[in-house]
Amino acid sequence: MYRSARGGGGCSLGGGRILIALILVGVALFTYFSQRVYNPVTDETQHISITPQQEVALGLQAAPEMEQEFGGESQDAQGQALVDKVCANIVKASSANQTDYPFECHLLGDRQTINAFALPGGQVFVTEALFKHLETEGQLAGVLGHEIGHVVVRHGAEHIAKQQLTEGLTGAAVVASYDPNNPNSAYAAQFAMLIGQLVTLKYGRDDELESDRLGVRFMSEAGYDPRAMLRVMQILEESSSGGRPPEFFSTHPNPENRLQRIQQAIDEKYPSGVPNGMVQ
């Protein structure tokens, strides 16, 4: 009788875990799908949980740490002046000016790490290592246009909302699958967390491709030849070492695959060919 009662209690506890997991799933899904914001630049509705003002605050708060990680502000005054010029041209002349983000573009002193990135709210960064590899003003416009695209499309805010959804769903999976009396259930919980991480990686991959398309759009609107972005991708490929991870598990698609997408975006914008006189 004692063992039978204990077994019934175990079933009850298991059922309780499943009920709690279902509630967590419901809350996570409702919260995510009820947060809808229209983006006039992309003409799309997004799932976002924070305001543009909160994005700006987050970006400003994180900027000093990012600067420190990548060598601090560059001492190359001429380089920073060029970054400022191109950044201002893109923001003022493109549809990026439809936003209220206070864009600031920074040249960082890291001469080893070839990188560029953007924080939510308008803080954009390019390392000296990448800057020194660029050959023309148009190529710099391609890099900055891409990063400004991340900000305008609010990829950082989207990522926060998706991360909250992922954490809610994986948390529910852990609650449902974990059994303190069965050590093997820990593996199921770890597997659930891995699934959540893979979902997040896929979002990052799609974000990069979208920012490539916006980069072509923004730099073209500012008078820069969008074909310069093709050369940027070639530079990134030439500077990368071997042993890159499989494309699907990378947050940045391989440059070879991005070239075709960028060329497609250029052809769609200029079906009769890129006009003469654009800044190279």
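Listing for the model above:
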{"quantity": "Cross-chain or 6+ apart pairs with Cβ under 8 Å, segment 132-156 first and of a type in the set (S, T, N, Q), then part of a loop (DSSP other than H, G, I, E, B)", "calculated": "T136/Q280"}
{"quantity": "Residue satisfying condition, being in a helix (DSSP H, G or I), under 14 Å from the mean Cα position of the chain (by Cα) and modelled with pLDDT of 65 or more, within set E167, E147", "calculated": "E147"}
{"quantity": "Elements of type helices (runs of 4 or more DSSP H) contained in segment 35-137, each with 2 or more residues being modelled with pLDDT of 95 or more and of a type in the set (G, A, S)", "calculated": "77-93"}
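Quick grid of which residues meet (1) out of contact with any strand residue (DSSP E or B) (no Cβ under 7 Å at 6 or more places or on another chain); (2) surrounded by fewer than 19 Cβ atoms within 10 Å (Cβ to Cβ):
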residue: R36; (1), (2): no, yes
residue: T45; (1), (2): no, yes
residue: P64; (1), (2): yes, yes
residue: F70; (1), (2): no, no
residue: L82; (1), (2): yes, yes
residue: V91; (1), (2): yes, no
residue: H133; (1), (2): yes, yes
residue: A141; (1), (2): no, no
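The values are calculated or read from the model by the stated rules, or taken from the named source; none is laboratory data. Model, not experiment: these values are computed from the prediction. Virtual Cβ from ideal backbone geometry, glycine too; neighbours counted across all protein chains shown.
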